[in-house]
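Below is one structure, written out as structure tokens; the observations come after it.
The values are calculated or read from the model by the stated rules, or taken from the named source; none is laboratory data. Because the structure is predicted, anything quoted here is derived from the model rather than measured. Positions of Cβ are generated from backbone atoms using ideal geometry, with glycine treated the same way; all protein chains shown enter the neighbour counts.
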Amino acid sequence: VRKVRTHHLREMKERGEPITMLTAYDMFTAATFDEAGIDMLLVGDSASNNVLGNETSLPVTVDELLPLTRAVARSARRAMVVGDLPFGSYQASPEQGYLTAVRFMKEGGAHCVKLEGGVEMAPVISKCVQGGIPVVAHIGFTPQSEHTLGGYRVQGRGDAADRVVADAHAVQEAGAFAVVMEMVPADVARWISTELTIPTIGIGAGNGCDGQVLVWQDAFGLRTGKMARFVKQYADVHQVLLDGARAYRDDVKARTFPGEEHSF
Ligand code: KIV
Ligand code: NA
């Protein structure tokens, strides 16, 4: 596959080949993850609390995300680049959502957009799809609605499963080509994944989804401290950078850098 397209993802689901997604927010991480064969790069609104220093995803703006999206789009050769619509940029109306999505495609160079919400966002999803923009939906726990949902908590336990199932069907009917499911019980997510024809991509949604996504700073240990249960740490980038920065500091303080070979 030269470039990952929506039909490739559908075919992967059909053959039972898991889809891989990671977040990326800049040139070198995008190029590296692309080189590793990651299928989809999400320029998440999680840039807010992983790049821009905010505590949550709520404050990040379209104007802040567009340059990051452009950087990732310019750096990915094979991976599909997903622009993530930030809080307040699509919930007002389908028209607002479409116009914001257009900016991510035209100015950001994204190949598709992602937006949060199920049944209630179906009109926004169909407006985008009718306007030629592929959409990834995002259901279950949706971080932009943290204050409505009462904090970070699993969605769809017990009787609440019906709600998540209804959301999943609604976004598929509205024309989404894939759906992220966040913090949904594994059995519910597995059921939804068999029910839907579009691929499901899980985060904290167990092993029955058609794909998985993680925030790279979590997965590769740039972020330190207590991590959500659904995170697996594959590398310790914090330690690598800390060691490097300390060695550089020590060298400069000791005047052992720069050496002859670095000088003119
Ligand atoms: O912004 C983000 O990183 C996300 C993923 C967690 C799915 O939406
Ligand atoms: Na997001």
### Qualifying positions in the range 113-131 - within 16 Å of ligand 1 (Cβ to nearest atom) and among the charged types (D, E, K, R)
114, 116
### Task
Would you confirm whether any residue within the range 82-95 is assigned to a helix (DSSP H, G or I), more than 17 Å from residue 136 (Cβ to Cβ) and polar (S, T, N, Q)?
no
### Query
Out of the range 132-163, which residues are in contact (Cβ under 8 Å) with a residue 40 or more places away in the chain and aliphatic (A, V, I, L, M)?
135, 136, 137, 139, 154
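In this structure, is residue 103 more than 16 Å from ligand 1 (Cβ to nearest atom) and either acidic (Asp, Glu) or outside any loop (DSSP other than H, G, I, E, B) (or both)?
yes
Mind listing whichever residues of the range 121-162 are of a type in the set (Phe, Trp, Tyr) and either surrounded by 23 or more Cβ atoms within 10 Å (Cβ to Cβ) or touching a Pro at 6+ places or on another chain (Cβ under 7 Å) (or both)?
Passing the criteria: only 141.
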### Query
Which of the following residues is modelled with pLDDT of 95 or more and outside any helix (DSSP H, G or I): 173, 116, 146, 120?
116
### Message
I need the full set of residues from the range 208-223 which are of a type outside the set (Asp, Glu) and outside any loop (DSSP other than H, G, I, E, B), in order please.
### Response
211, 212, 213, 214, 216, 217, 219
### Message
I want to confirm something. Restricting to the range 43-77 and keeping residues that are surrounded by 23 or more Cβ atoms within 10 Å (Cβ to Cβ) and part of a loop (DSSP other than H, G, I, E, B), which single residue is nearest to the chain's Cα centre (by Cα)?
### Response
44
### Query
So which of 156, 202, 225 ends up being assigned by TED's automatic domain parsing to the domain that holds residue 124, touching a helix residue (DSSP H, G or I) at 6+ places or on another chain (Cβ under 7 Å) and away from ligand 2 (no atom under 16 Å from the Cβ)?
156
### Query
What number of residues within the range 1-21 satisfy the criterion of being outside any loop (DSSP other than H, G, I, E, B) and either under 17 Å from residue 82 (Cβ atoms) or not assigned by TED's automatic domain parsing to the domain that holds residue 212 (or both)?
10
### Task
Go through 262, 238 for me and flag whichever is farther than 23 Å from residue 33 by Cα and free of Cβ contacts under 8 Å to residues at least 40 places away in the same chain.
262
### Message
With the structure loaded, tell me whether residue 131 is modelled with pLDDT of 95 or more, over 30 Å from residue 36 (Cβ atoms) and not aliphatic (A, V, I, L, M) or whether it fails that test.
### Response
yes
### Summary
Note on residue 138: of the conditions (1) within 14 Å of ligand 2 (Cβ to nearest atom); (2) assigned to a loop (DSSP other than H, G, I, E, B), unmet is (2)
